[in-house]
């Protein structure tokens, strides 16, 4: 399998790894069955993503897509983060092998899951805003 230099860079030097103890939103997607689990932590201030961290258990592509997704939303507004797509993650990484595209779907879903948790904590129903967050089966 051939990975772009960008993918290798984000795998070997992932950005924003860790957790935020007092996160405003935490999302987890994936499952042990498919082998990739991503947890995303958001710190939100004035409607903007002030900080974002992730912890991913999975292959190199899962780590690279998590890292890139955090880079794409950090400092952005919630509205901009909600527009993050898996194809934007793939494009920013300069491509992924077809068999690894599901990792980018998980990265998008991890961001949306954390935003969903943020809205739930505010007492707002996240479904109309975030939409449905699929299961791992959706991405295979």
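Restricting the stretch 68-98 to residues that are closer than 21 Å to residue 12 by Cα and in contact with a strand residue (DSSP E or B) (Cβ under 7 Å, 6 or more places away or on another chain), the residue that is surrounded by the fewest Cβ atoms within 10 Å (Cβ to Cβ) is 74.
Just to be sure before I move on: is residue 88 under 14 Å from residue 17 (Cα atoms) and in a helix (DSSP H, G or I) in the structure I sent?
Details: under 14 Å from residue 17 (Cα atoms): no; in a helix (DSSP H, G or I): yes.
Spelling it out, it is not the case that residue 88 is under 14 Å from residue 17 (Cα atoms) and in a helix (DSSP H, G or I).
The set of residues in the stretch 79-88 that are under 19 Å from residue 100 (Cα atoms) and touching a residue at least 24 places away in the same chain (Cβ under 8 Å) contains only 84.
The set of residues in the stretch 89-118 that are without any contact (Cβ under 8 Å) to a residue 12 or more places away in the chain and either more than 25 Å from residue 59 (Cα to Cα) or over 15 Å from the mean Cα position of the chain (by Cα) (or both) contains only 98.
Taking the residues in the stretch 111-126 that are assigned to a helix (DSSP H, G or I) and in contact with a helix residue (DSSP H, G or I) (Cβ under 7 Å, 6 or more places away or on another chain) as candidates, determine which candidate is farthest from residue 71 (Cα to Cα).
Among them, the one singled out is 119.
For every residue, the table says whether it meets (1) within 20 Å of residue 4 (Cα to Cα); (2) surrounded by 15 or more Cβ atoms within 10 Å (Cβ to Cβ).
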| site | (1), (2) |
| --- | --- |
| 60 | yes, yes |
| 63 | yes, yes |
| 100 | yes, yes |
| 105 | yes, yes |
| 113 | no, yes |
| 124 | no, no |
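Residues in the stretch 20-78 that are assigned to a helix (DSSP H, G or I) and free of Cβ contacts under 8 Å to residues at least 24 places away in the same chain: 72 alone.
Could you tell me which of the residues 24, 51 is crowded, with 16+ Cβ neighbours inside 10 Å, at pLDDT 95 or above, farther than 18 Å from residue 105 by Cα and within 14 Å of the chain's Cα centre (by Cα)? Step through it out loud before you land on a result.
Working: 24 fails: within 14 Å of the chain's Cα centre (by Cα).
51 is the lone residue from the list that is crowded, with 16+ Cβ neighbours inside 10 Å, at pLDDT 95 or above, farther than 18 Å from residue 105 by Cα and within 14 Å of the chain's Cα centre (by Cα).
The values are calculated or read from the model by the stated rules, or taken from the named source; none is laboratory data. Worth saying up front: this structure is predicted, and the values here are computed from it rather than measured. Please note: Cβ atoms are built from the backbone with ideal geometry, for glycine as well, and neighbour counts cover all protein chains shown.
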